[in-house]
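Chemist: Can you keep this structure in mind? I'll have questions shortly.
A short reminder: the numbers here are calculations on the coordinates, not readings from a lab. From a predicted model like this one, the values you see are computed outputs, not experimental measurements. No Cβ is skipped: glycine too gets one built from the backbone with ideal geometry, and neighbour counts run over all protein chains shown.
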Amino acid sequence: MPLFSWKSSSSDSSPDNKKQQVSDYRRTEQEANPFAGTENQHKSGQPIIPNLDEDGKQRTKFATDCSVQHRASLACIEDNYTTKETKCQQFFQAYKQCRREERERRLEANSKRSFFS
């Protein structure tokens with residue numbers, strides 16, 4: 001038997017009974033998820049220091065400086081799907097090199113940042 005049903009077991013369909021059912025439903029939802037509707041719920045677990053780009057907008061975790069190389073390699077794959085290993089190798093290498101350089105820059109910036117400052 002379900003925990004809560006919209007249909008009452010009695011045949012009473014008075015407005016007071018419906019209000020009670022709605023109230024019970026909301027209470028059940030609140031008990032099941034006590035943080036529903038709280039402000040900034042979607043931000044839990046996100047870093048406190050925002051990762052902003054040049055325009056002051058929040059960058060996603062997946063934003064990279066290698067988007068040109070990424071798009072070029074994907075375009076090559078779309079054009080040469082059956083022979084992508086041979087024809088797109090230069091695009092793959094350019095993307096990998098860009099990501100390596102980006103990672104090195106990030107590691108260097110992190111090493112310069114003091115943990116206690």
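Chemist: Could you compute the net charge surrounding Cys98? Neighbours are other residues with a C-beta less than 15 Å from the C-beta of Cys98; K and R count +1, D and E count -1.
Modeler: Numbers: positive: Arg71, Lys96, Arg99, Arg100, Arg103, Arg105, Arg106; negative: Asp65, Glu101, Glu102, Glu104.
Residues near Cys98 contribute +3 overall.
Chemist: Please give the net charge around Ala75, taking every other residue with its beta carbon less than 12 angstrom from that of Ala75, where Lys and Arg add +1 and Asp and Glu add -1.
Modeler: +1
Chemist: If you don't mind, another one. Collect residues whose amide H, placed 1.01 Å from N in the peptide plane, falls under 5 Å from the amide H of Thr64; neighbours closer than 5 in sequence don't count.
Modeler: none
Chemist: Between Lys96 and Gln20, with labels modelled 7 Å along Cα→Cβ, what's the label distance in nm to one decimal, could you check?
Modeler: About 7.0 nm separates the two model spin labels.
Chemist: For segment 99-111, just list the computed ³J(HN,Hα) in residue order, Karplus coefficients 6.51, -1.76 and 1.60, θ = phi - 60°, integers in Hz, with x standing in for Gly and Pro.
Modeler: 5, 4, 5, 5, 5, 4, 4, 5, 5, 5, 5, 5, 5
Chemist: With r defined as the distance between the Cβ atoms of Arg105 and Thr82 and R0 fixed at 25 Å, what FRET efficiency is calculated, to the nearest 0.05?
Modeler: 0.10
Chemist: How much net charge surrounds Leu107 when only the other residues with a Cβ under 14 Å from the Cβ of Leu107 are counted, with Lys and Arg +1 and Asp and Glu -1?
Modeler: Details: positive: Arg99, Arg100, Arg103, Arg105, Arg106, Lys112, Arg113; negative: Glu101, Glu102, Glu104, Glu108.
With Lys, Arg at +1 and Asp, Glu at -1, the neighbours total +3.
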